[in-house]
Amino acid sequence: MTVTTLTNGVSQGTLLFDGAESTNGRAMMVISALYHTVQWISAYRIVFANVTDPNVAIALDAFTYDTGEPVETLQTISDEDFRDVTLYAGVAFRSAAHMRIDAAAAARVPVLIAIQYPERRWTTPSTIVHARAAFDPGIFAQHLAAVAMGLAR
C-alpha cells in the first residue's frame, strides 16, 4: 500500500478496516461510523479488507456516493498490506481472532477494536473501555477520531 497525497499536499496515511460482515465481524457498523467522520477522514486513504459480503461492497459504494470519499476494498489481506498503514480498526463479535492483529503488530501498526459481547479471553480493560463503541457507530467514530488524531501528532 502506498500513501496518497491530498491536493493540499498533506496525507495522514491509510486507515485499514476489517471488512468482515459475518458471525465474526461487523463491517456494516464500521461503515455507519464513517458517516460521523466526514469532517476529517479525507486526510486518510480508506481501505476495507476481507470484504466478501456483497452488502458490504454496496454499503461502501453508497458511502462514497453520499460523501465523495473514495474507499478501496480488498477481498483478503496480506502482511504486505500493512505497509504504510496508520491504523487498523474494526468491530468484532465475541472475539477478534479473525482479524490480522499479529500482522498489524509485526508492522507496528496500532489497532483499535471494539468487541460486541466479548468471550472471556477477549475481555480486557480495552474491551471494557470500548464496549459502548462496539454498538454505537457515533461512539466508535469518536474513538476512531481520538486515536487517528493522536497518531497524527
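The values are calculated or read from the model by the stated rules, or taken from the named source; none is laboratory data. All values reported here derive from a predicted model rather than from experimental measurement. Note that we place each Cβ from the backbone using ideal geometry, even for glycine, and neighbour counts take in every protein chain shown. Quick note on the areas: whole protein, heavy atoms, side chains included, nothing else; ligands and nucleic acids left out. Shrake-Rupley method; radii C 1.70, N 1.55, O 1.52, S 1.80 Å.
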Legend entry - Flag if A107 is in contact with a helix residue (DSSP H, G or I) (Cβ under 9 Å, 6 or more places away or on another chain), of a type in the set (G, A, S) and either at pLDDT below 95 or at negative phi (or both): yes
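Can you tell me which residue in region 35-57 is nearest to T14 (Cα to Cα), limited to those that are assigned to a loop (DSSP other than H, G, I, E, B) and open to solvent by less than 20 Å² (accessible area, probe 1.4 Å)?
Going through the qualifying residues, I end up with Y44.
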Inset, instruction - Among the candidates L87, L60, single out the residue that is open to solvent by less than 50 Å² (accessible area, probe 1.4 Å) and without any contact (Cβ under 8 Å) to a residue 60 or more places away in the chain. - result: L60
Inset, instruction - Can you work out which of the residues in region 90-107 that are part of a helix (DSSP H, G or I), open to solvent by 60 Å² or more (accessible area, probe 1.4 Å) and among the small types (G, A, S) is farthest from A27 (Cα to Cα)? - result: A106
Legend entry - Selection within region 108-121 - farther than 21 Å from L15 by Cβ and open to solvent by less than 50 Å² (accessible area, probe 1.4 Å): P118
